[in-house]
1. Of the chymotrypsin sites (Phe, Trp or Tyr not before Pro) in segment 181-211, which ones lie in a loop per DSSP and count no more than 13 other C-beta atoms within 10 Å?
2. Multiply the residue gap between residue 270 and residue 209 by 0.36 nm, knock off their C-alpha separation, and tell me the result in nm, one decimal place.
3. Starting with the highest mean, order 491-500, 448-457, 336-345 by the number of other Cβ atoms within 10 Å, averaged over the residues of each peptide.
4. Report, to one decimal in Å, the Kirkwood hydrodynamic radius for segment 183-268 based on all distinct Cα pairs.
5. Compute the distance from the alpha-carbon center of segment 189-264 to that of segment 291-334, in whole Å.
6. Taking the Cβ of residue 329 as the centre, find all other residues whose Cβ is under 10 Å away and add up their charges (Lys, Arg: +1; Asp, Glu: -1).
7. Along Cα→Cβ, 7 Å out, is where each label goes; now give me the distance between the ones at residue 402 and residue 322 in nm to one decimal.
8. Please go through segment 453-493 and write out the trypsin sites (Lys or Arg not before Pro) that DSSP classes as loop and that have at most 16 other C-beta atoms within 10 Å.
Amino acid sequence: MLRILHSLPRTHKLLLLPVATMVTVLGAQKLITTYHDLNQPQTPLESVLVPLPSDSAPGVPSLRQERTPVAEAIDRASRALDATRENIPLSELTATEIVDLDIITSAEASLSTDTQPMASLDDGALHMAIVVGTLSSGMLNVDDSVEIADATSYEDYGVELYDDISFLELELAAEEPFVPEWKTHIVESGETFAVLAQNELGLGYSEVLALLEDLPDPRMLTNWRAGHSFDYQVDEDGRLLALRMMKNTRDGILLERDSDHYAITTIERQGEPVQRLYAGSVSGSFARSAQATGLSSSSVTELTRILEKKLDFRRDSRRGDQFQVLVESDMIDGETLDSRVLAVKYDGERMDLTVVRNATDDNFYTPLGSSLDPAFARRPFEGNYRLSSNFNPRRLHPVTGRVSPHNGTDFAMPIGTPITAPANGRVERVGNHHAAGRYIVVRHDNGYRTRYLHLSQPLVSQGERVTMGERIALSGNTGRSTGPHLHYEVIVNNTPVNAMTVELPENTSLSGDTLVAFQRQAEPMLAALESGETGTISVANYQSESGSDESVQ
């Protein structure tokens, strides 16, 4: 019967909860007394009083008049309670254990106010209340030896049913709260976020515009493609609560409704670091040989930039040279991201080099702590551009045909390529010449000077301080020039030198505690390089092995 009660509308439950609770406490006591009196041999039926008006409709559930033991009533009530806790088929219940509430068409009650007294319950409400009271929990938990006073109405107990409305809180607590679930939407061809948000996410057009304005990158929701997906939550009314969309495997955004606005949080997923060792030998170009080991294009580019600071691939590399590369990547959902070179070992015919990345400053050093990054960059630009004319003091000028020393190195590059300062210094001159075109001269802190000719646009002014790697100009084709290129000169002690072969100063090497900390960090990576175990490895294993070796010694 209580299962039937649970299926009633919420308004009926609110009505019946306080009544049922009161009947459980008071009405059950009356029913026990009545049932007990009926089972006494000399008790006339006329003396049994029922706490309902005589004209109640559709009728009060009558008690069985047979002299039955209280234990049977307890068993019947227990079965009714069990039916509320677990599924008991109706076929297993007897007719007296099933109460049909469909015969009651309505039940009403009103709360009392300061100006109006409490209205009485109608007959339907009273009927359902007594039914609930007879089958509620604890209705027969009374010892037979306890004598319960008879009563004809609730007023005899001095109780008013609606003194407070705390029963509303009880009912709300009993209701299961709404728990929003994450759903996934896959973008279809031709679908736009503005239309989707209005049709399925409960947002108005003005809300959509305000939301897009607040996004750090609105293109995530406006420039999506078919097959893209996002996760979202809506409330009971179908209005957007939260939206989560990933820009890529690592980065995304989370929108969460906060009052009338949406709070925007950036998502950055942290991957699990995975190390992998690659090994190969030079056969043809170094870049192709490195790529043949399985290294990604980005790792090959990084590896080339590391080695070219010490190694001239055209002059120093030979077929058969061996190399090992230790790379670390972030693993997210089976995808490797943000690969970075940790250590490199190059065994060549003309040059051997081993370097390890220092986690403290993110620079590379030899095992003895010597810096790989020079204090003076070999080339004043990023990327690789063709060397179109070498340093040559006896060169014939390509325009005049006369012997004209070429005191610099020419690099063929598109007009507008950024030119960077190879070292810290100060701009000594910015000018324009009929032959050199627009040009810049920089005096560096170590005494070297550099000149840049045929520029399309200087980006610095005379006397300005520049730092290594800072953009100082854009390449061009001004002055006496046969095509877009950069003419680059390095001058040492007022004498032009070959910028591609001159020995350049290096940064200060590590020493003291800094060197000790670096060598301790580098030890397991060097052991991994020496192992030759290509594939996925764990540097931590080499760390523990190194530690055990030290402890033995």
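We did not get these values from a lab; they are worked out from the coordinates using the rules stated. These figures come from a predicted structure and were not determined experimentally. Heads up, the Cβs are rebuilt from the backbone with ideal geometry, glycines too, and the neighbour counts pull from every protein chain shown.
1. 182
2. Here the answer is 18.8 nm.
3. On the way: 491-500: 13.9, 448-457: 20.9, 336-345: 18.1.
Final packing ranking: 448-457, 336-345, 491-500.
4. 13.0 Å is the Kirkwood radius here.
5. Answer, in whole Å: 42.
6. Within the 10 Å Cβ shell, the charges total -3.
7. Output for this residue pair reads 5.7 nm.
8. 480
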